[in-house]
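Enquirer: Can you keep this structure in mind? I'll have questions shortly.
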Protein chains: 2
Amino acid sequence: MTEHRPLGPPASTTIATIAHDVGVSVATVSKVLNGHEDVAPGTRARIEESLDRHQYQRRARRSPGAGRIDLVFHEFDTGWAMEVLRGAEAVTSVAGIGLAVSQLDGAHRPPQRWLDTLLSQRPSGVLLVLCHLAETQQQQLRRQGVPFVVIDTDSATSASVPTVGSNNWNGGLLAARHLLELGHRRNAVISGPPDVLCSRARAAGFQHAHEEIGLTVDPELVRYGSFSAGAGHAHGLQLLNRPDRPTAIFAGSDTQAMGVLRAARQCGLRVPEDLSVIGYDNLPVATWTDPALTTINQPLRDMAGIATQMLLDLVGGNGPATSRIDLVTELVVRESTAPPPAQPL
Amino acid sequence: MTEHRPLGPPASTTIATIAHDVGVSVATVSKVLNGHEDVAPGTRARIEESLDRHQYQRRARRSPGAGRIDLVFHEFDTGWAMEVLRGAEAVTSVAGIGLAVSQLDGAHRPPQRWLDTLLSQRPSGVLLVLCHLAETQQQQLRRQGVPFVVIDTDSATSASVPTVGSNNWNGGLLAARHLLELGHRRNAVISGPPDVLCSRARAAGFQHAHEEIGLTVDPELVRYGSFSAGAGHAHGLQLLNRPDRPTAIFAGSDTQAMGVLRAARQCGLRVPEDLSVIGYDNLPVATWTDPALTTINQPLRDMAGIATQMLLDLVGGNGPATSRIDLVTELVVRESTAPPPAQPL
């Protein structure tokens with residue numbers, strides 16, 4: 001777009017513009033903007049050159065104390081929310097602006113009263129995690145000139161709302177392919193809540209990998225529940241007490257996978273010898289479970305960092321950033337997966 | 001104090017005044033102020049009566065949008081910081097004021113530049129977690145009329161600084177008594193960093209419980225390290241590879257204890273049959289480790305809630321709250337402790 005108006009206002013330059021110009025990911029541009037070390041010098045130089053050429057305005061960075069953005073969680077859990085908070089804080093601290101946090105006690109739709117209070121505090125922008133504003137609420141923010149960005153794993157967000165997520169379908173696909181390559185043929189998936197689109201996408205990706213090689217996942221082995229350890233434990237017990245129990249379980253979160261590990265232990269099953277378990281998220285705790293979890297890395301810190309940078313762009317008048325960015329999910333192999341037992345269980 | 005000046009200004013009433021008047025803990029008063037359910041009806045009525053009689057000013061609650069307090073962590077870890085954040089947010093959300101968060105990348109002394117930026121954003125008050133202001137910085141905040149409260153487990157904080165902590169010495173004592181009652185006589189302690197007073201207090205309490213029954217802890221088995229899983233793993237391996245290895249290890253945090261569990265597994269030791277392990281903090285993850293951790297409950301949410309309430313009292317002009325409040329630590333027995341093996345290892 002910007003190529004056709006080289007004299008256009010610098011206000012139209014976003015990090016997506018720079019990424020497209022240089023031919024790198026938005027994440028890489030964000031790293032350079034935020035002073036991260038892990039960008040190759042040549043790439044860094046090309047990005048810096050493009051930032052200069054586009055007169056990219058690092059406004060927030062230049063105006064410490066200029067304001068505050070509000071980071072709103074649908075709820076605080078222990079690991080997931082902290083990763084998002086770390087990613088957002090890394091950007092706001094460099095930009096020298098405040099970061100206010102709040103949570104909605106698990107509600108995915110903010111109550112109007114809550115929004116009124118938030119707006120009375122005149123935030124520069126709002127970052128919503130796993131929660132969605134009603135159309136009238138979006139209009140309310142727009143009228144007051146308060147930009148907002150959504151961090152979500154749910155790709156159903158309206159295209160007009162800047163959103164950063166990750167590729168859940170691909171995550172489910174990678175988990176299943178790993179199990180299938182190990183030789184597992186009777187595989188279960190415990191996904192997140194059934195009314196959350198990311199849960200459906202992961203289960204669908206998981207099933208697709210089976211279909212690629214002419215298999216189907218037994219519908220009895222496809223479960224939905226909360227992302228909690230308790231849900232993983234309950235579903236794990238149900239699955240493992242079946243006479244035709246699965247040889248592998250793909251959980252909806254690392255926390256949920258910890259509940260599955262507990263269920264396996266209570267059923268006298270060794271992980272990974274008798275049962276393979278895959279988590280989701282790659283939280284720090286996944287390294288320290290027993291055994292350490294094979295999991296799908298969801299780059300939560302990067303997602304939060306990019307979303308925060310997008311919001312600061314919007315706050316600084318650089319936009320409109322109608323982007324929908326999905327970061328890539330990756331398989332991380334640790335100790336909880338192995339070939340299935342030689343004899344049928 | 002207030003009893004002697006019944007006509008004194010209501011501004012002198014703090015939650016400590018109310019707690020003393022009714023004969024309950026500050027935590028209980030805080031629960032009533034913040035609408036928690038778990039207070040007996042009779043107690044609640046007496047507290048409400050005292051609040052009315054003292055004309056306690058729930059100012060923050062009555063002025064939504066009135067301001068923002070800044071919660072400053074020395075660093076974000078996964079579980080500990082989230083518990084503190086939950087406790088603080090529960091109070092600020094009811095009070096209708098904003099909660100800004102930041103972290104100091106592990107520094108226990110805030111840089112001056114950071115403080116200048118923070119103050120330029122005109123916070124109503126500052127809540128410091130495990131970090132301390134220099135005397136000149138304290139004066140700077142006082143000059144600008146910005147009250148501050150410290151959440152710390154370190155009882156060395158100056159008496160002039162309102163601080164909420166927990167009883168670390170008692171925590172160490174409880175852990176050791178539990179092991180001694182189970183019959184363990186060769187016990188190790190991995191505490192936190194040696195330059196943090198809470199680490200020393202826990203180790204001292206642990207040693208004291210041994211001395212109570214005429215035993216001493218082998219100095220070789222007293223270790224200090226970071227609160228991380230990695231530190232627990234490294235110290236655990238060293239301790240368990242000794243020819244005279246301990247039959248029990250008391251860790252400095254639940255996270256550190258997860259590293260000890262990993263070390264035990266790598267050494268072929270079963271927990272609790274061959275080795276007992278006790279954690280510290282009682283984070284949610286302690287329920288889901290394998291085995292579930294016996295641990296010392298440090299009431300982080302309550303500590304943060306009370307500290308936030310104290311700060312709101314100060315912001316509202318209710319003070320001076322020169323209080324130093326230590327909440328009680330408690331033993332939580334789960335699966336990771338048992339009598340020592342019948343035969344010497």
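Bear in mind that the values in this text are calculations on the coordinates, not laboratory data. Quick caveat: nothing in here was measured; it's all calculated off a predicted structure. Heads up, the Cβs are rebuilt from the backbone with ideal geometry, glycines too, and the neighbour counts pull from every protein chain shown.
Enquirer: Calculate one ³J(HN,Hα) per residue across the stretch B:224-232 by plugging θ = phi - 60° into the Karplus curve 6.51 cos²θ - 1.76 cosθ + 1.60, and present them in order as whole Hz with x for glycine and proline.
Expert: So the Karplus estimates, Gly and Pro as x, are 10, x, 6, 7, 7, 4, x, 5, x Hz.
Enquirer: Another question about this same structure. Can you put B:Cys131, A:Cys267 in order, fewest other beta carbons within 10 Å first?
Expert: Taking fewest neighbouring Cβ atoms as first place, the list is A:Cys267, B:Cys131.
Enquirer: Something else about it: Considering all alpha-carbon pairs of the protein assembly as shown, what whole percent are spaced by more than 52 angstrom?
Expert: Cα-Cα pairs in the protein assembly as shown separated by more than 52 Å: 12 percent.
Enquirer: For peptide B:280-293, what's the mean number of Cβ atoms from other chains within 10 Å of each residue's Cβ? Write down the numbers at each step before the final one.
Expert: Values: counts 0, 0, 0, 2, 6, 9, 0, 6, 14, 7, 9, 3, 1, 0.
For peptide B:280-293, the averaged partner shielding equals 4.
Enquirer: Distance between the C-alpha centers of the stretch B:268-325 and the stretch A:66-135? Whole Å please.
Expert: The stretch B:268-325 and the stretch A:66-135 have Cα centres spaced 25 Å from each other.
Enquirer: Through the Karplus equation 6.51 cos²θ - 1.76 cosθ + 1.60, θ set to phi - 60°, convert the phi angles of the stretch A:179-189 into ³J(HN,Hα) values in whole Hz; use x for Gly and Pro.
Expert: Here the 3J(HN,Hα) series is 5, 5, 5, 6, x, 6, 10, 10, 10, 10, 10 Hz.
Enquirer: Let me ask something additional. Using alpha-carbon pairs under 8 Å, 6+ residues apart, how would you state the relative contact order of chain B in percent?
Expert: Relative contact order of chain B: 19 percent.
Enquirer: Give me the inter-chain shielding for A:121-129: mean count of other chain Cβ atoms within 10 Å, whole number please.
Expert: Counting Cβ atoms of other protein chains within 10 Å of each residue's Cβ and averaging gives 1.
Enquirer: Hey, got a sec? Which trypsin sites (Lys or Arg not before Pro) in the stretch B:198-273 land in a DSSP loop and have at most 12 other Cβ atoms within 10 Å? Walk me through the intermediate numbers first.
Expert: Details: sites: B:Arg200, B:Arg202, B:Arg223, B:Arg262, B:Arg265, B:Arg270; in loops: B:Arg270.
Sites meeting the loop and neighbour criteria: B:Arg270.
Enquirer: Using 7 Å Cα-to-Cβ label points, what is the A:Leu237/B:Val222 separation (nm, one decimal)?
Expert: 4.4 nm
Enquirer: Post the alpha-carbon centroid distance, the stretch A:180-212 to the stretch B:181-200, in whole angstrom.
Expert: Comparing the Cα centres of the stretch A:180-212 and the stretch B:181-200, I get a distance of 45 Å.
Enquirer: Specify whether the C-alpha gyration tensor of chain A places it in the rounded, prolate or oblate class, a ≥ b ≥ c being the square roots of the eigenvalues: rounded for a/c under 1.5, otherwise prolate if a/b is larger than b/c and oblate if not.
Expert: Note, shape of chain A comes out prolate.
Enquirer: Related question: Based on the alpha-carbon gyration tensor of the stretch A:151-236 and its eigenvalue square roots a ≥ b ≥ c, which shape applies: rounded if a/c is under 1.5, prolate if not and a/b is larger than b/c, or oblate?
Expert: oblate
Enquirer: Now for a separate question. I need the shape label for the stretch A:168-298. Rule: rounded when a/c is under 1.5, else prolate if a/b > b/c, else oblate, with a, b, c from the alpha carbon gyration tensor. Each step should come with its number before you reach the end.
Expert: Working: a/c = 1.32, a/b = 1.13, b/c = 1.17.
In terms of gyration-tensor shape, rounded.
Enquirer: Place the peptides A:96-107, B:139-150 in order of packing, highest mean first, counting for every residue the other Cβ atoms within 10 Å and averaging per peptide. Numbers along the way, then the final one.
Expert: Values: A:96-107: 20.1, B:139-150: 16.8.
Those peptides, ordered most packed to least, come out A:96-107, B:139-150.
Enquirer: On to the next question. Shortest first and in nm to one decimal, what separations exist between A:Arg324 and its copies in the other chains, measuring from label points 7 Å along the Cα-to-beta-carbon line?
Expert: Result for A:Arg324, in nm, nearest copy first: 5.8.
Enquirer: Using the 7 Å Cα-to-Cβ label point, sort the distances from A:Ala134 to its equivalents in the other copies shortest first and give them in nm to one decimal.
Expert: Inter-copy label distances (nm, one decimal, shortest first): 5.2.
Enquirer: Distances from A:Ala45 to the same residue in each other copy, label points 7 Å out along Cα→Cβ, in nm, shortest first?
Expert: Once sorted, the set of distances for A:Ala45 reads 8.0 nm.
Enquirer: Let me ask something else about it. Take every DSSP beta bridge with both residues inside the protein assembly as shown and express the antiparallel ones as a percent of the total, to the nearest 5.
Expert: 10 percent
Enquirer: Within a 10 angstrom radius of each residue's Cβ in A:91-102, how many Cβ atoms of other chains show up on average? Whole number is fine.
Expert: Values: counts 0, 3, 6, 0, 0, 5, 3, 11, 6, 10, 9, 5.
Partner Cβ neighbours, averaged per residue: 5.
Enquirer: Excluding B:Thr216 itself, what net charge comes from residues whose Cβ is under 14 Å from its Cβ, given Lys and Arg +1 and Asp and Glu -1?
Expert: -2
Enquirer: What ranking do A:Val332, B:Val29 get, fewest neighbouring Cβ atoms within 10 angstrom at the top?
Expert: Final ranking by Cβ density, sparse to dense: A:Val332, B:Val29.
Enquirer: How big is the dipole moment of the protein assembly as shown about its Cα centre under a simple scheme where the beta carbon of each Lys and Arg is +1, that of each Asp and Glu is -1, and everything else is neutral? Debye, nearest 20, please.
Expert: Numbers: 60 positive and 68 negative charges, 249 e Å.
Magnitude of the dipole: close to 1200 debye.
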